[in-house]
Amino acid sequence: MRLATRIALWAAVVVPLLVVGAGALLLGLVSHDLRAAQDTKLRERAQAVLPNARTLLNADRQGRTQVEQNQHRKLLDAALDVGVLVEDGTGATVSTGGPLPATTALPAPGAAALPTTVHSDGRNWRVLAAPITGANPGTLWVAAPASAANPQVDAVRNRIVLVAGLAAPVSGLLAYGLARRATAPLSRLGRRAAALDPRAGAAGFGHRRSGVGEVDELAAALESALARYDEQAARTAQALETARSFSAAASHELRTPLMGLQTNLDVLAAHPDLPAADRAEILADLRADHRRMLDLLTALRTLARGDLVAEEAFGPVDLAEPVHAAAAELRRRQPDLTVAVAVDAEARVFGWAAGLRIMCDNLLLNAAVHGHRPGEPARIAVRLRREGAQAVLTVDDAGPGIPVTERSAVFDRFHRRQGSPGSGLGLTLVAQQVALHRGTIAITDPPTGTGCRFELHLPLVDPQAPTLPLPSRPDWFTPHE
């Protein structure tokens, strides 16, 4: 059932009930007002005929029949449309006239000092007793049928029923028309949502403000839901693309070591009597190929992890912590090298703690592998300082350096210099993390003039600046042709 129809039905039911309720209250008030008017009339009639009743009692006690008859006639004329009963002090009836309830239905005189309702002969009466004072006391009764006001009450009741009967269809039709007009923006919103191309997402929704708060709030909620759907769909597509690229890169780069493994295994299987020296050489090749494949898969997995990191993983991180941790790990693995770390001041960046550790590990490992002369241990100098609104991290080594023409290529995927034992993804991981953290990286010459310097600039945390979303995903995994 449509919302407009529901509103119309509710109005058709509720409005007549409200009319009936208001009518019942009105009917009670009208009945009360009519009874009060009748009681006022009884009091006025009692005050008007009370002198005649007193004179009538005096004439009755003195036996003056002619005077008594005259007073009886005056009494009835003054009473007009109410019944009158005069009793002497002994309760005997002296005079009576007009419509009256049965004598047995009258209450005690003291109980009727105010207008009272009594039931007699199947009718309700309003009765008032007024004491007659003087030398000859008595009681004056005035009465009128309580049903005298019934025609007016019935007229009010009939009109209430008529209004309630008319209110049902009229209110239903009016409510339906108003509800249709009020829900028109909602209907348009529903049609727009139904016609929305799923591929367009939140951008294709294009809601224009309708001026109806509830409709605009619903449209905003739909746009927010579509935006979240677009985000999740993009992340799903990104994950699928990452998986495809991972598969393509792994199949391309693992082809050579796997073929080498297959060749060496075939040689071992075909020549079980190989000399020990030859067998040892083949086993060393197998171990080297195995290590290369393991390093390659680990690097690819780390790249994929950085490629799919969510914004929720980012937060304030002191860059000194991953720097010190990476230096300590490198010293543990290669105790013969020298790693000097200098931190000038706290450098807190908005970053992914695991990604910053990956960046520092690969920077220092690259310096340890390539930053030394043949036969000499590596000497690495790491410095972290603040420079304006940026944290600056420099890693210097004492190796042969990198020619200027080759510096831009070292961050390419699977780029390896001659004789490099790595997978060619270490500096790619560094570039990925620098991009994720909205930083820059450059290769320059160290102040000594010998070796190579990697200089990173990362923005410091600014409490006054809003947190920006992650940068767009670079195509780290574009397969080689």
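The values are calculated or read from the model by the stated rules, or taken from the named source; none is laboratory data. Since we're looking at a predicted model, the values are computed, not measured. Methodologically, a virtual Cβ is constructed for each residue, glycine included, from the backbone with ideal geometry; neighbour enumeration extends over all protein chains shown.
From the list Glu376, Glu312, which residue is part of a helix (DSSP H, G or I) and more than 23 Å from Leu425 (Cβ to Cβ)?
None of the other options fit; the residue is Glu312.
In the list Asp273, Asp266, which residue meets the criterion of being outside any helix (DSSP H, G or I) and either exposed (fewer than 12 other Cβ atoms within 10 Å of the Cβ) or modelled with pLDDT under 80 (or both)?
Result: Asp273 is the single residue among Asp273, Asp266 that is outside any helix (DSSP H, G or I) and either exposed (fewer than 12 other Cβ atoms within 10 Å of the Cβ) or modelled with pLDDT under 80 (or both).
Can you name the condition, by its number, that Thr103 falls short on among (1) surrounded by fewer than 13 Cβ atoms within 10 Å (Cβ to Cβ); (2) more than 17 Å from Ile132 (Cβ to Cβ)?
Here Thr103 meets the rest and fails (1).
If I ask for residues that are at pLDDT below 80 and over 20 Å from Leu319 (Cα atoms), which ones from region 444-463 would you list?
Gly449
Taking the criterion of being farther than 30 Å from Val170 by Cβ, out of contact with any His (no Cβ under 8 Å at 6 or more places or on another chain) and among the aliphatic types (A, V, I, L, M), would at least one residue in region 19-30 satisfy it?
No, region 19-30 has no match at all.
Quick one: is Asp33 in contact with a strand residue (DSSP E or B) (Cβ under 7 Å, 6 or more places away or on another chain) and more than 30 Å from Pro169 (Cα to Cα)?
Criteria not met by Asp33.
Listed residues Thr394, Thr405, Thr338; which is surrounded by fewer than 17 Cβ atoms within 10 Å (Cβ to Cβ), closer than 17 Å to Gly451 by Cβ and not small (Gly, Ala, Ser)?
Criteria check complete, one pass: Thr338.
Report yes if Met293 is surrounded by fewer than 12 Cβ atoms within 10 Å (Cβ to Cβ) and at pLDDT below 80, otherwise no.
The answer is no for Met293.
If a residue has to be touching a helix residue (DSSP H, G or I) at 6+ places or on another chain (Cβ under 6 Å) and basic (Lys, Arg) to count, how many in region 384-400 make the cut?
0
Using the structure shown, decide if Ala112 is among the hydrophobic types (A, V, I, L, M, F, W, C), assigned by TED's automatic domain parsing to the domain that holds Asp39 and at pLDDT below 85.
Spelling it out, Ala112 is indeed among the hydrophobic types (A, V, I, L, M, F, W, C), assigned by TED's automatic domain parsing to the domain that holds Asp39 and at pLDDT below 85.
Quick check, is Thr139 surrounded by 14 or more Cβ atoms within 10 Å (Cβ to Cβ), more than 30 Å from Ala4 (Cα to Cα) and of a type in the set (Ser, Thr, Tyr)?
Here the answer is yes, as Thr139 does meet what is asked.
Can you go through Ala48, Ala53 and tell me which one is assigned to a helix (DSSP H, G or I), over 18 Å from Gly89 (Cβ atoms) and not aromatic (Phe, Trp, Tyr)?
From the options Ala48, Ala53, the qualifying one is Ala48.
One residue is enough: does region 246-257 have a residue meeting the conditions modelled with pLDDT of 65 or more and either surrounded by 15 or more Cβ atoms within 10 Å (Cβ to Cβ) or assigned by TED's automatic domain parsing to the domain that holds Asp361 (or both)?
Within region 246-257 (the criterion being modelled with pLDDT of 65 or more and either surrounded by 15 or more Cβ atoms within 10 Å (Cβ to Cβ) or assigned by TED's automatic domain parsing to the domain that holds Asp361 (or both)), the answer is yes, since at least one residue qualifies.
Determine which member of the set Ala367, Ala354, Ala328 is assigned to a helix (DSSP H, G or I), touching a residue at least 40 places away in the same chain (Cβ under 8 Å), surrounded by fewer than 19 Cβ atoms within 10 Å (Cβ to Cβ) and small (Gly, Ala, Ser).
Matching residue, one of Ala367, Ala354, Ala328: Ala354.
Inside region 63-87, can you point out the residues that are hydrophobic (A, V, I, L, M, F, W, C) and either in a helix (DSSP H, G or I) or over 17 Å from Pro145 (Cα atoms) (or both)?
Val67, Leu75, Leu76, Ala78, Ala79, Val86, listed by residue number.
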